[in-house]
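Below: one structure, written as structure tokens.
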Amino acid sequence: MLSRTKFLLPVLAGALVLQACDKNNDQFYTTADGLEYKIFGQNEKGEYENKGELAPEDSSGAKIGEFVAFHWQIINSEDSVFVDTRNNPPNLPMVIPIMEPTMKGGLESAVMMLSAGDSGVFKMNADTVFANIFRRPLPPHIKAGTDLTFRIKNERVMNQAEAQTYQQELMQRYMEESKVRAEKQIKVDDEKIQEYVKEQNLENVQKTESGVYYVVTEKGKGEKPSPGDEVAVHYKGTRLDGKEFDSSYNNPMSGGEPIRFPIGQQRVIQGWDDAITQLNEGSKAILLIPSPLAYGEQAPSPEIPANSILRFDVELVDVQKQANQ
């Protein structure tokens with residue numbers, strides 16, 4: 001639960017372009033493989049126009065061996081968007097290699113129909129997509145026998161070397177933009193935490209340099225841990241609305257045992273690394289962790305939405321000092 005999760009880069013842009021595609025022309029065409037599509041390209045004025053039916057021999061799109069950066073949305077039969085990389089962190093284009101299609105009329109075929117700058121709308125059978133591409137059962141919000149609509153914007157087509165450079169640029173941009181957003185978010189969270197402290201009548205509240213609020217409810221008699229020391233911590237995690245999302249006391253994966261981890265090695269969220277060092281062995285405390293020091297813009301589970309401030313009621317059960325200390 002508390003492990004820091006590292007995510008691969010996916011995502012997209014051009015929502016207005018993607019949505020405008022459907023309004024420009026409602027006519028779909030069908031390939032010999034049964035893929036329904038409509039493709040939009042920019043004219044000399046920069047406006048998007050339906051390119052009409054593509055000839056079977058058309059080879060102007062991305063080719064096998066090339067890499068494509070694209071944004072996409074996936075919409076179910078009730079017009080509900082359930083994937084939108086433009087609005088999902090890390091808010092960057094997805095970069096994939098073009099390979100031999102795994103199925104007729106599938107996603108690879110769709111992407112290969114798009115030249116750089118093109119947008120496309122494609123319809124595919126939901127059962128086939130989940131069975132052959134996503135390789136998992138249909139989720140509750142997708143009805144069997146219905147179609148999924150894919151809106152795809154091809155940002156650029158590249159060779160492998162260009163794709164590697166582009167991904168590095170995306171990562172650098174993501175890190176810089178994330179830092180700016182986190183700095184703004186931690187100020188918002190700080191105000192909310194202060195309001196929560198007042199509402200809960202918490203006393204003797206302290207704050208770490210990084211921004212974690214904590215209250216020692218029972219002070220232990222042991223030593224405080226230092227970076228590199230291994231600690232054992234019992235915890236119960238809740239949102240500020242009181243909804244519990246995890247607990248070491250009744251976690252079947254750990255058999256009710258406390259979680260063990262080394263301090264300062266990013267094995268847990270930053271808020272834990274910062275706050276646990278403030279506690280003596282045997283202490284019990286309340287930790288109030290702003291979202292940038294927890295999971296930030298990521299939503300690790302349905303119980304923890306993006307930008308969630310988290311409360312942990314913890315007990316520092318054990319501190320194992322490094323041998324050289």
Next item on the list: Would you check if there is a residue in segment 284-297 being part of a helix (DSSP H, G or I), of a type in the set (S, T, Y) and touching a residue at least 40 places away in the same chain (Cβ under 8 Å)?
Entry: yes
Item checked: segment 150-165: number of residues that are open to solvent by 60 Å² or more (accessible area, probe 1.4 Å) and assigned to a helix (DSSP H, G or I) -> 5
Next item on the list: Within segment 168-182, track down each residue that is open to solvent by 100 Å² or more (accessible area, probe 1.4 Å) and touching a helix residue (DSSP H, G or I) at 6+ places or on another chain (Cβ under 8 Å).
Entry: none
Checklist line | Candidate set: segment 25-48, residues that are over 32 Å from the mean Cα position of the chain (by Cα) and among the β-branched types (V, I, T); chosen: the one surrounded by the fewest Cβ atoms within 10 Å (Cβ to Cβ) | finding: T30
Next item on the list: Just give me the residues in segment 24-59 being within 13 Å of G120 (Cβ to Cβ), out of contact with any Asp or Glu (no Cβ under 7 Å at 6 or more places or on another chain) and of a type in the set (S, T, Y), in sequence order.
Entry: T31, Y37, Y48
Checklist line | Selected residue (only one of K221, K207 is surrounded by 14 or more Cβ atoms within 10 Å (Cβ to Cβ) and farther than 25 Å from E303 by Cβ) | finding: K207
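Listed here are the residues, each with its yes/no results for (1) touching a residue at least 12 places away in the same chain (Cβ under 8 Å); (2) not in a strand (DSSP E or B).
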site: E191; (1), (2): no, yes
site: G220; (1), (2): yes, yes
site: P227; (1), (2): yes, yes
site: H234; (1), (2): yes, no
site: G255; (1), (2): no, yes
Notebook entry, point to check: Looking at segment 49-137, what strands (runs of 3 or more DSSP E) fall wholly within it and have at least 1 residues that are of a type in the set (K, R)?
Noted result: 119-125
Next item on the list: State whether one or more residues within segment 263-283 are surrounded by fewer than 18 Cβ atoms within 10 Å (Cβ to Cβ), out of contact with any helix residue (DSSP H, G or I) (no Cβ under 9 Å at 6 or more places or on another chain) and of a type in the set (K, R).
Entry: no
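Considering only segment 183-199, state which residues are among the charged types (D, E, K, R) and open to solvent by 70 Å² or more (accessible area, probe 1.4 Å).
Scanning segment 183-199 gives E183, K184, K187, E191, K192, E195, K198, E199.
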Notebook entry, point to check: Across segment 72-103, which residue is surrounded by the most Cβ atoms within 10 Å (Cβ to Cβ) among those that are closer than 16 Å to V121 by Cβ and in contact with a helix residue (DSSP H, G or I) (Cβ under 7 Å, 6 or more places away or on another chain)?
Noted result: Q73
Next item on the list: State which residue is nearest to T31 (Cα to Cα) when the search covers only segment 49-100 and only residues that are within 18 Å of the chain's Cα centre (by Cα) and of a type in the set (D, E, K, R).
Entry: D84
Next item on the list: Tell me which residues, restricted to segment 134-144, are open to solvent by 60 Å² or more (accessible area, probe 1.4 Å) and of a type outside the set (A, V, I, L, M, F, W, C).
Entry: R135, R136, P137, P140, H141, K143
Checklist line | Positions within segment 224-248 being touching a helix residue (DSSP H, G or I) at 6+ places or on another chain (Cβ under 9 Å), open to solvent by less than 30 Å² (accessible area, probe 1.4 Å) and not hydroxyl-bearing (S, T, Y), in sequence order | finding: P225, V231, V233
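The values are calculated or read from the model by the stated rules, or taken from the named source; none is laboratory data. Here the structure is a predicted model, which means the values were calculated and not measured. When we count neighbours, we look across all protein chains shown, and the Cβ atoms used for this are built from the backbone with ideal geometry, even at glycine. Keep in mind that these areas ignore ligands, DNA and RNA; they rest on the heavy atoms of the full protein, side chains included. Shrake-Rupley method; radii C 1.70, N 1.55, O 1.52, S 1.80 Å.
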